[in-house]
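Asker: Let me begin by handing over the structure; questions about it come next.
Derivation of every value follows stated rules applied to the coordinates shown; laboratory data play no part. Keep in mind that this is a model prediction, so the values were computed, not measured. All Cβ positions, glycine included, derive from the backbone under ideal geometry; neighbour counts span all protein chains shown.
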Amino acid sequence: MNLPLVIANWKMNIPYFDEKDPKEDFEWAMHWKHIQHWFFKFHSTIKDYQWNRGVVDEYLCTPFGIAPPLTSVHTCEENNGSDEVSPGSYINVSIGFQDVSSHRSGARTGEMSASMLAGYLLRDDYSFCIIGHSERREFQKETDEVISEKLKRLLETDIVPVVCIGETLKDFEKGLTKEILKNQIDVIFNSLESDKNIILAYEPVWAIGSGKPAVPTDVNEIHKFIKDTVQSCAKITDINVLYGGSVNAENSKSFFEQKYIDGALVGGASLDPVEFGKICINYIHQMETQE
């Protein structure tokens, strides 16, 4: 399976659809049904695209991922590419996590270590973990030093880190974007050496959930700056940089066309399986165009 380069971050949400079955009024049953419905609609959207291209039996090494709430990970695994949800599906999705502890073990009530997450999945698929998300920086007051430790813990496992960085609206308006990003990168990646896959996600905080994404050409320039800056302070074999900030089916194509934008971290739009499917189709189309 390819690296997850178009990632759905469900945050503390479960996809909802308006089809209530009076026989299934228990919360756990509806929880399962909602996720099963999400996968069915997502797979159907991708398969329709395959069918229209005349590709029916081709396996898609789909570089897509979903980071659900931890309590929904196993439900997502069981519905991911299952015959019940999508008979004959040639699509598979990486299932990942939304956070990890910066500690290996100890008296850390409520936290999950990287080794715990690595053993949590039912299958041995490629997994990933988001760290440093802007919401955790804001609400949990996470620092770059803490995020650096989380990165090290993930690199001790087979879980792919997805490291989020980005500037606030105040920083952006002052023209401090590159300075802020460089400071974050210098701390998080200081003297790091690794031949494992590492993904970064550029999140301009002012664009998240605003419906006003950054200009694609501007983001492309920032992504190049991020890659160059990481390589200047760390020895990392390969880096992919995703864009996260009000990405949807309508604007994702313009982002994927840019040379240094390797994918997307999708928030609210990912709760709609058709919308997220269309974003993934835009990514597939762009990859095919480059071949």
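Asker: Taking amide H positions as placed 1.01 Å from N in the peptide plane, with prolines and chain starts having none, which residues 5 or more places from Ala264, or on another chain, fall under 5 Å of its amide H?
Answerer: The list, which skips near neighbours in sequence, is Val6, Ile7, Tyr243.
Asker: Can you list residues whose amide H is under 5 Å from Ile198's amide H, if they're 5+ apart or on another chain and H is modeled 1.01 Å from N?
Answerer: Residues meeting the amide H criterion: Asp238, Asn240.
Asker: Only Lys, Arg, Asp and Glu count, each charged at its Cβ (+1, +1, -1, -1), so figure out the dipole size of the chain about its Cα centre, rounded to 20 debye.
Answerer: Working: 28 positive and 44 negative charges, 113 e Å.
Dipole size: approximately 540 debye.
Asker: Could you work out how far helix 273-290 tilts from the main Cα principal axis of the chain, as a 0 to 90 degree angle to the nearest 10?
Answerer: It is inclined by approximately 70 degrees.
Asker: Okay, moving on. Between Lys11 and Asn190, what is the FRET efficiency for a Förster distance of 41 Å, r being their Cβ-Cβ separation, to the nearest 0.05?
Answerer: Values: r = 29 Å, r/R0 = 0.70.
Using R0 = 41 Å, I get an efficiency of 0.90.
Asker: Sort 96-106, 188-198 by the packing proxy (mean of other Cβ within 10 Å over each peptide's residues), most packed first. Present the calculation step by step, with values, prior to reporting the outcome.
Answerer: Details: 96-106: 18.3, 188-198: 16.4.
Packing proxy ranking, top to bottom: 96-106, 188-198.
Asker: For a protection proxy built on the mean count of beta-carbon atoms within 10 angstrom, sort 66-79, 265-278 highest first, please.
Answerer: On the way: 66-79: 19.5, 265-278: 22.4.
Going by the mean number of other Cβ atoms within 10 Å, highest first, we get 265-278, 66-79.
Asker: Please report, for the Cα atoms of the stretch 13-290, the Rg to one decimal and the Dmax as a whole number; what are they, in angstrom?
Answerer: Cα radius of gyration and Dmax of the stretch 13-290 are 18.9, 59 Å respectively.
Asker: State which entries of Lys47/Lys152; Lys224/Lys278; Lys47/Lys235; Lys227/Lys253 exceed 30 angstrom in Cα-Cα distance in the structure shown.
Answerer: Numbers: Lys47/Lys152 38 Å; Lys224/Lys278 26 Å; Lys47/Lys235 40 Å; Lys227/Lys253 21 Å.
Going by Cα-Cα distance, Lys47/Lys152; Lys47/Lys235 fall outside the 30 Å limit.
Asker: Figure the gain on full extension for Tyr120 and Lys212 (residue separation times 0.36 nm, minus the Cα-Cα span) and round it to one decimal in nm. Present the calculation step by step, with values, prior to reporting the outcome.
Answerer: Details: separation 92, 0.36 × 92 = 33.12 nm, distance 3.64 nm.
Here the answer is 29.5 nm.
Asker: Taking θ as phi - 60°, what are the ³J(HN,Hα) couplings along the stretch 250-256 by the Karplus curve (6.51, -1.76, 1.60), each to the nearest whole Hz, with x for Gly and Pro?
Answerer: Couplings: 6, 9, 4, 4, 5, 6, 5 Hz.
Asker: Same structure again: Suppose we look only past 19 Å in the calculated P(r) of the stretch 201-291. What percent of the Cα-Cα pairs does that tail hold? Show your work: numbers first, answer last.
Answerer: Values: 1599 of 4095 pairs.
For the stretch 201-291, the fraction of Cα-Cα distances above 19 Å is 39 percent.
Asker: Quote the FRET efficiency, to the nearest 0.05, computed for Ser82 versus Phe139 with a Förster distance R0 of 30 Å and r equal to the Cβ-Cβ distance. Kindly include the intermediate steps, with their values, before the conclusion.
Answerer: Values: r = 35 Å, r/R0 = 1.16.
FRET efficiency, Ser82 to Phe139: 0.30.
Asker: Hey, with R₀ at 35 Å, roughly what FRET efficiency would Leu176 and His74 work out to, going by the Cβ-Cβ distance, to 0.05? All intermediate terms of the calculation are to be shown ahead of the outcome.
Answerer: Working: r = 42 Å, r/R0 = 1.21.
My answer for the efficiency is 0.25.
Asker: Could you give the length gained by full extension between Trp51 and Lys152, i.e. 0.36 nm per residue of separation minus their alpha carbon distance, to one decimal place?
Answerer: Difference between extended and current length: 32.1 nm.
Asker: In whole Hz, with x marking every Gly and Pro, tabulate ³J(HN,Hα) for the stretch 155-163 from phi via Karplus 6.51 cos²θ - 1.76 cosθ + 1.60, θ = phi - 60°.
Answerer: 5, 7, 10, 9, 8, 6, x, 10, 9
Asker: For helix 216-233, what angle does its Cα long axis make with the longest principal axis of the chain, in degrees from 0 to 90 and rounded to 10?
Answerer: It is inclined by approximately 60 degrees.
Asker: Give me the number: length gained by fully extending Glu111 to Ser44, i.e. 0.36 nm times residue separation minus the C-alpha to C-alpha distance, one decimal in nm.
Answerer: Result: 20.5 nm gained on full extension.
Asker: Before rounding to the nearest 500, sum -39500 (n - 2.57) across all DSSP H runs of length at least 4 in the chain and divide by the residue total; then give [θ] at 222 nm in deg cm²/dmol. Before the final figure, lay out the partial values.
Answerer: Numbers: 10 runs with 114 residues, N = 291.
Here the helix-only value at 222 nm equals -12000 deg cm²/dmol.
Asker: Give me, ordered by chain and number, the residues 5 or more places off Asn92 or on other chains with an amide H under 5 Å from its own placed amide H.
Answerer: Thr62
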